[in-house]
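Below is one structure, written out as structure tokens; comments come after it.
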Amino acid sequence: MLNKKLLYDTIEKFNAPLGEKAYERLERYAELLVETNKSFNLTAITQPEEVTVKHFADCLAVFKYVDFPENSSLIDIGTGAGFPGLVLLIARPDLKVTLLDSTKKKLGFIESVLKGTGLNAQTVHARAEEAGKMPEYREKFDFAAARAVANLTNLSEYCLPFVKVGGRFVSMKSAAADDEILQAKKAVSLLGGEICGDNLFDLVENVSRRILVIKKISQTPTKYPRASAKIAKKPIK
Ligand code: SAM
């Protein structure tokens, strides 16, 4: 199902720690993804080469731009079918990974992958803006990560409340995110963040991606995150 050579060729430049066991786990993950996708729409990407590059290699690229100390904690907000959190866990099983999504069925899929690969992670069925107010999750993580969930302004309101001061929020974007980043500057700063890395790269030829790294430099004011409707109607400007 996976294209091993393509995967290794693509991630070679990302310093991604991928041993044989991790590769076997990714293979199992890909099989379950394609199988489950026949009855429940998890992803539009199902061809082996595409799953290899646009899901797995794309998530593994994070290792080039973020250094995860051993045993650090990470929450993936709006993880969907497990991207990027589950891929990062497969590469680095020492990480304490929490996978959050508002769709219960997607978390059911993730649990089947955890079982099928023998890995452990916490799954949380909640909206980010609700979980971010709960004491057990608020400012409790070394890292938050998200891909394809919301624009950077709203995403910062979803994600920064989870990150400890001194931690990082990693936002995976397409290359053409200049306006979005500019518009989000106020929100990032108000929520206690500071952009410390803006990394543009080619995943493969003609597929450009961008990984933003935002450092949490002060606590998020308690009024954030606001309720979903408020975030949607009145984004921080
Ligand atoms: N991150 C995955 C990826 O890159 O393939 C999934 C992306 S999918 C387009 C967006 C996911 O975010 C969906 O699974 C959706 O349920 C979840 N989501 C959107 N808004 C959310 C929120 N406010 N709180 C929790 N999950 C949310």
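The values are calculated or read from the model by the stated rules, or taken from the named source; none is laboratory data. This one's a predicted model, so the numbers in the text were calculated from it and none came from an experiment. No Cβ is skipped: glycine too gets one built from the backbone with ideal geometry, and neighbour counts run over all protein chains shown. Remember, those area values only see protein heavy atoms, side chains included, never the ligands or the DNA or RNA. Shrake-Rupley method; radii C 1.70, N 1.55, O 1.52, S 1.80 Å.
Per residue, the accessible area of the chain comes to 45 Å², computed with a 1.4 Å probe over protein heavy atoms only. Using a simple spin-label model with pseudo-atoms 7 Å out from Cα toward Cβ, ALA229 and GLU136 lie 2.8 nm apart.
Here's the picture: charge each Lys and Arg Cβ at +1 and each Asp and Glu Cβ at -1 in the chain, and of ALA145, SER208, VAL62 the one pushed furthest to the positive end of that dipole is ALA145. Ranked from largest to smallest solvent-accessible area, with a 1.4 Å probe on the protein heavy atoms, SER156, SER112 come out as SER112, SER156.
The distance separating the Cα centre of the range 1-25 from that of the range 38-60 comes to 14 Å. Principal-axis analysis of the Cα atoms of the chain puts helix 104-117 at an angle of about 50° to the longest axis. Calculated mean residue ellipticity at 222 nm for the chain: -10000 deg cm²/dmol, from DSSP H runs with n ≥ 4 weighted as -39500 (n - 2.57), summed, divided by the residue count and rounded to 500. Excluding same-chain neighbours fewer than eight residues apart, the aspartates and glutamates reachable from LYS185 by a Cα-Cα span under 15 Å are GLU157, GLU194, ASP198. For a 26 Å ceiling on Cα separation, which of these pairs sit above it: LYS133/LYS186; LYS21/LYS133; LYS4/LYS140; LYS133/LYS230; LYS140/LYS186; LYS96/LYS233? Cα-Cα > 26 Å for LYS21/LYS133; LYS4/LYS140; LYS96/LYS233; rest within.
Compared with the direct C-alpha span, the chain from LYS115 to ASP9 gains 35.3 nm at full extension, assuming 0.36 nm per residue.
Return the FRET efficiency for the residue pair GLU35, LYS64: r is the Cβ-Cβ distance, R0 is 35 Å, and the value is rounded to the nearest 0.05. So, using R0 = 35 Å, E works out to roughly 0.70. Size descriptors for the chain: radius of gyration and Dmax over Cα atoms are 16.8, 49 Å. On the chain, 49 percent of the accessible area sits on carbon and sulfur atoms, based on a 1.4 Å probe. Spin-label model, GLU194/VAL207: points 7 Å from Cα along the beta carbon direction are separated by 3.5 nm. Computed from Cα atoms, the angle from the helix 20-37 axis to the main principal axis of the chain rounds to 80 degrees.
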